[in-house]
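The values are calculated or read from the model by the stated rules, or taken from the named source; none is laboratory data. Being a predicted model, the structure only gives us computed values, none of them experimental. With ideal geometry, Cβ positions are generated from the backbone for all residues, glycine too; neighbour counts draw on all protein chains shown.
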Amino acid sequence: MTPETMSESSIPEENRTPRNNSPEPAPKTQASGSSGGSPEQQPRFATTGGVTPSKPGQKADDPSTESESGVLYLGIDLGTSRTAIAGSNGGRSSVPSVVGYPKDVVAKKLLGRDILFGDDAFKKRLSLDFYRPLEHGVIKYSDGDDKASEKAENNRRAAADLVQEAIRMANPRSDELIYAVIGCPAQASLTNQKALIDAAKAVVDSVMICSEPFAVAYGLNRLDDVLVIDIGAGTTDLCRMKGTLPDAEDQLTLNLGGDSIDNLLTELIKKKCPGSQFTINMVKEIKERHSFVNQSQDPIKVELPVEGKPTLFEITDEVREACRSIIPPIVDAIRKLISTFDPEFQTVLKNNVLLGGGGSQIKGLATALQNEMIEKLGEGTVVAVEEPVYAGANGALQVAHDMPPSYWEKMK
Ligand SMILES: Nc1ncnc2c1ncn2[C@@H]1O[C@H](COP(=O)(O)OP(=O)(O)OP(=O)(O)O)[C@@H](O)[C@H]1O
Ligand SMILES: [Mg+2]
């Protein structure tokens, strides 16, 4: 794919890349040990910067001659805010990453279920023990002092249930093996990665972890000369692609993204709209409806209750300021990855910046990042992927396809 094709934009102000993955299943031969899994491919996946096997330290073997029929490959983007899944059967779905369990027998009688997900869980959350099991792209409390606590266990269970729900949405046949690749932040710790693997292992036959921005690049077949930025809810992940698996120094994770914008917007609205009542979910909805970063904009007016009475407030500058807050740190991170790269390739990297993740839908963001790059780094070309919700899952599915079957066998 060339930058020219990426500039065919259907979205004002920003170029969006055409989707590389068709909704059709990718050709099975790509992952077939006997016909498609080339020996040269294996070392690229065997030791990781981008891909972590479920049994660390194991290496890919020669491609087996085993048939892969009866295997459903899945790419899962287990996000802080939304979980997206793409399957080799052509299925694609997504669900907000929230899980709820009825609080008591009355709640259970009312809801008629033991567990609710996504929008259903949001709607009924007053009757539920409610979990958003991921934070900064990894399972909450999976690393650090609290990892043996009850709250850590509860979040692990919620994450495992979420993975199970995502897999159910992919419609696997009961006789199929399920091999899944899960995207996670570029710099997630090994303990965090292991927690994700454990959550998934309860429901899949074999699982691997791969870095989110790497998955986005891989799915778009952009394996070199591109700098991918995945703007999620909990983290923004950057990865420079250089034609091999990325190393640790090719990747950066920033603890900012949609959530940090929501938090800042909350503070700004509190100041601008004294006495108004609102929740962080309402702020997120306002942001998703009105997000923008450029100068000219029709006034943004929202109704918020003040002492029970809906009251109109104008929050144009607040939305702009909150959305713009991620621009300087992202350009700083771009600078770090550019300035430590081979000087002969710095220009080409600067002019091939690819934006993915839900945050890439902020109106005008690609152009604003590009302008900031031109000011701070002398040049820059930024385009946004066409399918921000599925780019990670599509890429993870492509990685899953390209792994030799023998490798999956070993990861069981
Ligand atoms: N139109 C929009 N404008 C601005 N932000 C948006 C828009 N649509 C979605 N978002 C934000 O994108 C974020 C979700 O993006 P994404 O689904 O890529 O995150 P995630 O994968 O769940 O998170 P992470 O990668 O951090 O684990 C949320 O903060 C959401 O509010
Ligand atoms: Mg994500």
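Some notes on this structure:
- Matching entry among D298, D317 (being in a helix (DSSP H, G or I), among the acidic types (D, E) and away from ligand 1 (no atom under 11 Å from the Cβ)): D317
- Hits in the stretch 149-185 (condition: free of Cβ contacts under 8 Å to residues at least 24 places away in the same chain and within 11 Å of I85 (Cβ to Cβ)): R168
- Of A368, A333, A322, A384, all but one fail to be touching a Ser or Thr at 6+ places or on another chain (Cβ under 6 Å) and surrounded by 15 or more Cβ atoms within 10 Å (Cβ to Cβ); the exception is A384.
- Elements of type helices (runs of 4 or more DSSP H) in the stretch 363-411, at least 3 residues being charged (D, E, K, R) and free of Cβ contacts under 8 Å to residues at least 60 places away in the same chain: 365-377
- Across the stretch 175-224, the qualifying residues are those that are closer than 17 Å to D250 by Cβ and of a type in the set (D, E), and the one among them that is modelled with the lowest pLDDT is E212.
- Candidate set: the stretch 371-387, residues that are of a type outside the set (V, I, T) and within 22 Å of the chain's Cα centre (by Cα); chosen: the one nearest to ligand 2 (Cβ to nearest atom): E387
- Close Cβ contacts (under 8 Å, 6 or more residues apart or on different chains) running from residues in the stretch 56-84 that are modelled with pLDDT under 50 to residues that are among the hydroxyl-bearing types (S, T, Y) and within 16 Å of ligand 1 (Cβ to nearest atom) are absent.
- Among (1) in contact with a strand residue (DSSP E or B) (Cβ under 7 Å, 6 or more places away or on another chain); (2) modelled with pLDDT under 95 - the single one Q295 does not satisfy: (1)
- Filter result for V348 (buried (at least 18 other Cβ atoms within 10 Å of the Cβ), modelled with pLDDT of 95 or more and away from ligand 1 (no atom under 16 Å from the Cβ)): no
- The condition of being in contact (Cβ under 8 Å) with a residue 40 or more places away in the chain, in a helix (DSSP H, G or I) and either crowded, with 18+ Cβ neighbours inside 10 Å or within 16 Å of ligand 2 (Cβ to nearest atom) (or both) holds for I269.
- For the stretch 68-77, taking the residues that are assigned to a strand (DSSP E or B) and either over 16 Å from the mean Cα position of the chain (by Cα) or within 11 Å of A391 (Cα to Cα) (or both), the one that is nearest to ligand 1 (Cβ to nearest atom) is identified as D77.
- Hey, Y390 over 23 Å from the mean Cα position of the chain (by Cα) and either within 16 Å of ligand 1 (Cβ to nearest atom) or crowded, with 23+ Cβ neighbours inside 10 Å (or both) or not: no
- Taken over the stretch 351-362, the criterion of being within 13 Å of ligand 1 (Cβ to nearest atom) and assigned to a loop (DSSP other than H, G, I, E, B) is satisfied by G357, I362.
- Of everything listed in (1) away from ligand 2 (no atom under 16 Å from the Cβ); (2) surrounded by 24 or more Cβ atoms within 10 Å (Cβ to Cβ); (3) over 27 Å from S260 (Cα atoms), the single unmet condition for Y218 is (1).
- Applying the condition of being in a strand (DSSP E or B) and among the aliphatic types (A, V, I, L, M) to the stretch 109-141 and asking which residue is nearest to ligand 1 (Cβ to nearest atom) yields L134.
- Residues located in the stretch 78-92, provided they are among the small types (G, A, S) and away from ligand 1 (no atom under 13 Å from the Cβ): A86, G87, S88, G90, G91
- Some residue of the stretch 333-343 being part of a helix (DSSP H, G or I), over 26 Å from R82 (Cβ atoms), out of contact with any His (no Cβ under 9 Å at 6 or more places or on another chain) and free of Cβ contacts under 8 Å to residues at least 24 places away in the same chain: yes
- Condition met for L264 (surrounded by fewer than 22 Cβ atoms within 10 Å (Cβ to Cβ), outside the structural domain of G395 (by TED's automatic domain parsing) and either more than 16 Å from ligand 2 (Cβ to nearest atom) or within 30 Å of R320 (Cβ to Cβ) (or both)): yes
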